[in-house]
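Visitor: Below you will find the structure I want to go over with you.
FYI, it's all coordinate maths here, none of it is from the lab. In this text the structure is predicted, and so the values were computed from the model without any measurement. Virtual Cβ from ideal backbone geometry, glycine too; neighbours counted across all protein chains shown.
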Amino acid sequence: MEIKVMTFNIHHGKGMDHKVNLYRIAEVIEKSDAHIIGLNEVDKHFSKRSYYEDQISWLAKQLNMNYAFSPSLSLKTKNLSTVPQYGNALLSRYPIVAKNSYLFDFMSGIIEGRSLLEATIQINNQLFLINVTHLSLNPFLHKKQTDFILNRLRHYSYPFMIMGDWNMKPGSRGWRKMTGETQDAWYIAGVGAGHTFPSLRPRVRLDYIFVSHHFQVIKAEVITKTPNASDHLPLKATLFYH
């Protein structure tokens, strides 16, 4: 079974031309032909910057896909029907049969707005665990978040993939921890540096797809066709599950 997965930090739909354009984001996703897409920096009724749009619901409808959302930040509001939120999301061509959200709140008093989305999808009769996250720039918090994720992974009995903006470099301590227990799709099958940020002249690899050893990584590629769509380029991996 071949599965195409992609991770994309969409910067709440704001492109390098400073315009918020979800149609452009949807087009990038559609043309990628990915079956499972992890998204970072997704707004849900968040603010004027994204026209109070429920972005993941809009994208799912536009692309005719299933979706899940994990709020990393929820603002207090008088209007209880729509809470302004911002976080990680998942689009899937396959049914999403369960979902959980874990807020990274390891230190009281620090509300940084980071979370882990954990979803179970079903392909044929097989269950897969999909994680989407966006880790901290702060080294101390980054370590806490990576340890939390690895601890979760050790409880998984199904094949899993975890993707997102990790704010780390290949070879770093966090990367070594992750690759000790998972496969970095780009490291296995990518050609070149795999830089994804900034989108117009990428200089660093911040976006990763890690997968369990149940998968064979066939191909990994950075999607460069519409660099204006966000400040990050999407990363796509083709996996074979047997």
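Visitor: Please compute the modelled spin-label separation between ARG203 and GLU30, points set 7 Å along Cα→Cβ, answer in nm with one decimal.
Guide: Reported label-point gap for GLU30 and ARG203 is 3.5 nm.
Visitor: Taking the Cβ of each residue in LYS31, LYS143 as the centre, tally the other Cβ atoms inside 10 Å and list the residues starting with the fewest.
Guide: LYS31, LYS143
Visitor: Determine the distance separating the Cα centre of region 27-98 from the Cα centre of region 1-17; give it in Å without decimals.
Guide: Using only Cα atoms, the two centres lie 12 Å from each other.
Visitor: What list do you get for HIS142, HIS195 if you sort them by fewest beta carbons within 10 Å?
Guide: Final ranking by Cβ density, sparse to dense: HIS195, HIS142.
Visitor: Here is a further query. For TYR156, what is the net charge nearby, where nearby means another residue's Cβ is under 15 Å from its Cβ and Lys, Arg count +1, Asp, Glu -1?
Guide: Neighbour charge sum, excluding TYR156 itself: +1.
Visitor: Next question, about the same structure. Would you mind checking LYS48/LYS225; LYS4/LYS177; LYS14/LYS143; LYS31/LYS61; LYS19/LYS225 for any pair whose Cα atoms are more than 22 angstrom apart?
Guide: Where the Cα-Cα span goes over 22 Å, the pairs concerned are LYS48/LYS225; LYS4/LYS177; LYS14/LYS143.
Visitor: Given 25 °C and 0.890 mPa s, compute D for region 1-65 with the Stokes-Einstein relation, Rh being the Kirkwood radius over Cα pairs; round to the nearest whole µm²/s.
Guide: 201 µm²/s
Visitor: What distance in nm separates the two pseudo spin-label positions at ASN124 and LYS219, each 7 Å out from Cα along the beta-carbon direction?
Guide: Each label point is offset 7 Å from its Cα along the Cβ direction, giving 2.1 nm.
Visitor: Add +1 for every Lys or Arg and -1 for every Asp or Glu among the other residues with Cβ under 12 Å from the Cβ of TRP58, and state the total.
Guide: For residues surrounding TRP58, the net value is -1.
Visitor: By the gyration tensor of its Cα atoms, with a ≥ b ≥ c the square roots of the eigenvalues, what is the shape of region 2-241: rounded for a/c under 1.5, prolate for a/b over b/c, or oblate? List each step's numbers first, then the result.
Guide: On the way: a/c = 1.27, a/b = 1.17, b/c = 1.09.
Cα axes put region 2-241 in the rounded bin.
Visitor: If I build a Gaussian network model for the chain, linking alpha-carbon pairs within less than 10 angstrom, which residue out of ASP165, ASP184, ASP33 has the largest mean-square fluctuation?
Guide: Of the options given, ASP33 has the highest mean-square fluctuation.
Visitor: Counting only residues 5 or more places away or on other chains, whose amide H sits under 5 Å from the amide H of ASP54 once H atoms are built in the peptide plane?
Guide: Placed amide hydrogens put HIS45 under 5 Å from ASP54.
Visitor: Here is a follow-up. Note the full-extension length gain between THR179 and ASN64 as 0.36 nm times their separation in residues minus their Cα-Cα distance, in nm to one decimal.
Guide: Contour length minus Cα-Cα distance gives 38.0 nm.
Visitor: Please state, to two decimals, what the Cα-based radius of gyration of region 114-212 comes to when divided by 2.2 N^0.38 Å (N = residues).
Guide: Working it through for region 114-212, the quotient is 1.09.
Visitor: Could you pull out every residue, at least 5 positions away or on a different chain, whose amide H is within less than 5 Å of the one on VAL204? Hs are placed 1.01 Å off N in the peptide plane, and Pro or chain starts have none.
Guide: Amide H neighbours of VAL204: THR196, PHE197.
Visitor: Taking θ = phi - 60°, what integer Hz values does the Karplus form 6.51 cos²θ - 1.76 cosθ + 1.60 yield along region 94-101, in sequence order, with x for Gly and Pro?
Guide: Rounded to whole hertz, the list is 9, x, 9, 9, 7, 8, 9, 10.
Visitor: Which order do the peptides 114-127, 169-182 come out in when sorted by mean C-beta neighbours inside 10 angstrom, highest first? Intermediate results must be reported in sequence, preceding the final value.
Guide: Numbers: 114-127: 18.5, 169-182: 14.9.
By packing density, highest mean first, the sequence is 114-127, 169-182.
Visitor: Helix-only mean residue ellipticity at 222 nm, the chain, DSSP H runs n ≥ 4 weighted -39,500 (n - 2.57), per residue, nearest 500. What is it?
Guide: Roughly -6000 deg cm²/dmol at 222 nm, from the helical runs in the chain.
Visitor: Determine which residues of region 198-214 fall in the zone a paramagnetic label at TYR158 would reach in this model, i.e. backbone nitrogen under 19 Å from the point 7 Å along Cα→Cβ.
Guide: Residues passing the 19 Å test: 210-214.
Visitor: Let me ask something else about it. Count the net charge of all other residues whose Cβ sits under 14 Å from the Cβ of LYS169, scoring Lys and Arg as +1 and Asp and Glu as -1.
Guide: Counting the neighbours of LYS169, the net charge comes to +2.
Visitor: Another one. Provide the per-residue ³J(HN,Hα) series for region 219-236, in order, calculated from phi with Karplus coefficients 6.51, -1.76, 1.60 and θ = phi - 60°, each as a whole number of Hz, with x at glycine and proline positions.
Guide: 3J(HN,Hα) across region 219-236, in whole Hz: 7, 9, 8, 8, 7, 10, 5, 10, x, 6, 4, 8, 8, 10, 9, x, 10, 10.
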